[in-house]
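The values are calculated or read from the model by the stated rules, or taken from the named source; none is laboratory data. Computed from a prediction, not measured in an experiment: that's the story for all the values here. Cβ: placed from backbone, ideal geometry, glycine included. Neighbour counts: every protein chain shown. Just so you know, the surface numbers come from the protein's heavy atoms only, side chains and all, with ligands and any DNA or RNA stripped out. Shrake-Rupley method; radii C 1.70, N 1.55, O 1.52, S 1.80 Å.
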Amino acid sequence: MPQLAYVNGRILPLADASLHIEDRGTQFADAVYEVCAVMNGQILDWQPHLLRLRRNLAELGINWTMADGPFTLQARRLISRNGQRDCIIYIQISRGTARRDHAFPGDAPANLVMTVRRFDFAQRVKQLATGIKVIIQSDTRWGRVDIKTTGLLGNVLAKQAAREAGAFEAWLLSGETVREGSSTNAWIVKDGRIITHPTGTSILPGIARDSLIRLATAAQMIVEERPFTLAEALGADEAFLTSTTAPILPVVAIDGQAVADGRPGPVTRRLGELVWNEVARQTGWRA
Ligand code: PDD
């Protein structure tokens, strides 16, 4: 079956899907996006993703008139037409197509595109046992990274540096503070306390982050939302990261230095059980 994409109400083969070259997403990164996990044909945490998308559109004043009901139907239609049970759906809404001018165009309707790509979530469960490595990069991004825009060049360059260093992720440093990863949220564990950077304007408020805080708190674990330094991360008992495409992965080395004994720890393991149980509860998916 050819891979299908969605462009402004039409579903068509991915190879034939396109936007006008004066789409403002291309010229100005004047676009927001979401990435959602689809497991067993069900979208994980759909309502929180929808809420974040709406908040981001409002922050940027992008006029998006489709109601949640029809929008959800369009996303589900693309997923079912693609026929993949385990995949990620990418959703992008730009301010529209207009003659290039920095100021907002008066009357251009927003452009919605969606793509679906098969994803192997089982590999993420396997990686719970081995963990992954991160490197440190300085955070060169703009001042409103809480808004999920397609302006991701700082993230792209950091991720490429990680790839070249043989690491899974780059953690982004501002001064002494570890903010988050290039496409994931960053966490450490010290003396049983689970620590992650607070939301605000300097990290993306991850859906997986939010979900993990709820699950950990419900399990009587202690979560501290506060900035932590690179020195704290290097001296942590455990470290891990979260995102839609990596719901939870232990971090066993930071910039070539082992975290504790260099193996995934018990708190991360316990959180892994909670996270994957929640996935099973919502979607019925099991590794
Ligand atoms: N990335 N921080 C950054 C900078 C991100 O880009 C992401 C998500 C996250 C985690 O957010 P969530 O839990 O909502 O996935 C944190 C997506 C997956 C991406 O850009 O592909």
Practice prompt. Collect the residues in the range 162-187 that are within 15 Å of the ligand (Cβ to nearest atom) and small (Gly, Ala, Ser), keeping them in residue-number order.
Written response: ALA162, ALA170, SER174, GLY181, SER182, SER183, ALA186
Worksheet, complete the sentence: Going through the range 17-56 in order, the residues found to be within 15 Å of ASN111 (Cα to Cα), open to solvent by 10 Å² or more (accessible area, probe 1.4 Å) and within 16 Å of the ligand (Cβ to nearest atom) are GLY25, ALA29, TYR33, ARG54
Fill in: Filter pass, VAL156 being open to solvent by 50 Å² or more (accessible area, probe 1.4 Å), within 15 Å of the ligand (Cβ to nearest atom), within 30 Å of PRO227 (Cβ to Cβ) and touching a residue at least 12 places away in the same chain (Cβ under 8 Å)
yes
Worksheet, complete the sentence: Taking the range 188-213 and keeping only residues that are within 11 Å of the ligand (Cβ to nearest atom), touching a residue at least 40 places away in the same chain (Cβ under 8 Å) and not in a loop (DSSP other than H, G, I, E, B), one is left with ILE207, ALA208, ASP210, SER211, LEU212
Practice prompt. Report the residue count in the range 1-25 for those that are β-branched (Val, Ile, Thr) and free of Cβ contacts under 8 Å to residues at least 60 places away in the same chain.
Written response: 1
Practice prompt. May I ask you to say which residue of PRO247, PRO198, PRO266, PRO205 is open to solvent by 50 Å² or more (accessible area, probe 1.4 Å) and either within 29 Å of TYR33 (Cα to Cα) or over 16 Å from the mean Cα position of the chain (by Cα) (or both)?
Written response: PRO266
Worksheet item: Out of all the residues in the range 57-66, is one or more surrounded by fewer than 13 Cβ atoms within 10 Å (Cβ to Cβ), among the β-branched types (Val, Ile, Thr) and within 22 Å of VAL156 (Cβ to Cβ)?
Response: no
Worksheet item: Has the range 220-239 got any residue that is touching a residue at least 24 places away in the same chain (Cβ under 8 Å), assigned to a loop (DSSP other than H, G, I, E, B), within 11 Å of the ligand (Cβ to nearest atom) and crowded, with 17+ Cβ neighbours inside 10 Å?
Response: no
Item to complete: For the range 84-128, name all the residues that are within 16 Å of the ligand (Cβ to nearest atom), open to solvent by 20 Å² or more (accessible area, probe 1.4 Å) and assigned to a loop (DSSP other than H, G, I, E, B).
Response: ASP86, PHE119, ASP120
Practice prompt. Could you check GLY131 against (1) within 16 Å of the ligand (Cβ to nearest atom); (2) within 30 Å of VAL252 (Cβ to Cβ) and say which number it fails?
Written response: (1)
Worksheet item: Of GLY61, GLY9, which residue is out of contact with any Gly (no Cβ under 9 Å at 6 or more places or on another chain) and more than 16 Å from MET114 (Cα to Cα)?
Response: GLY61
